[in-house]
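Working notes, structure below.
No lab work stands behind these numbers, since they all come straight from the coordinates. Bear in mind the structure is a predicted one, so any value in this text is a computation, not a measurement. No Cβ is skipped: glycine too gets one built from the backbone with ideal geometry, and neighbour counts run over all protein chains shown.
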Amino acid sequence: MADQQTAVADPQIGTEKQQKKRPKKQPRFNVILWDDSDHSYDYVVLMMKQIFRHPIETGFQIAKEVDSGGRAICLTTTLEHAELKREQIHSFGKDDLIARCKGSMSATIEPVHE
């Protein structure tokens, strides 16, 4: 019978290459809601629930923070997702509970500095 040679793959080699090619983490961005006097707490709570799926308690905490501090972080996420959420805030519409309200609240995005 002819001699046959069998090659055995070294499992360590493939693992090292896979470890080197891990995807980089995407930079994180905060979605910032800005205070104004034309929107009620109820409006903010409803918006946080509908856009971000935050529970009512979280929405109320964000409403208090934006009222007392002038701004509040609604979400920390990737750039693309943050841009989408900012646009959803801008298109949420006016607060029907306040007669002088003309439109949506303001929001911006900013990078997270780690």
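The table below gives the values:
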quantity: Nitroxide proxy distance, nm - points 7 Å out along Cα→Cβ at Y41 and E110; calculated: 2.6 nm
quantity: Rounded, prolate or oblate (a/c below 1.5 giving rounded, otherwise prolate when a/b exceeds b/c) for the range 32-111 by Cα gyration tensor; calculated: prolate
quantity: Under the Karplus curve 6.51 cos²θ - 1.76 cosθ + 1.60, θ = phi - 60°, whole-Hz ³J(HN,Hα) for the range 95-105, x wherever Gly or Pro sits; calculated: 8, 5, 7, 10, 4, 6, 5, 9, x, 6, 7
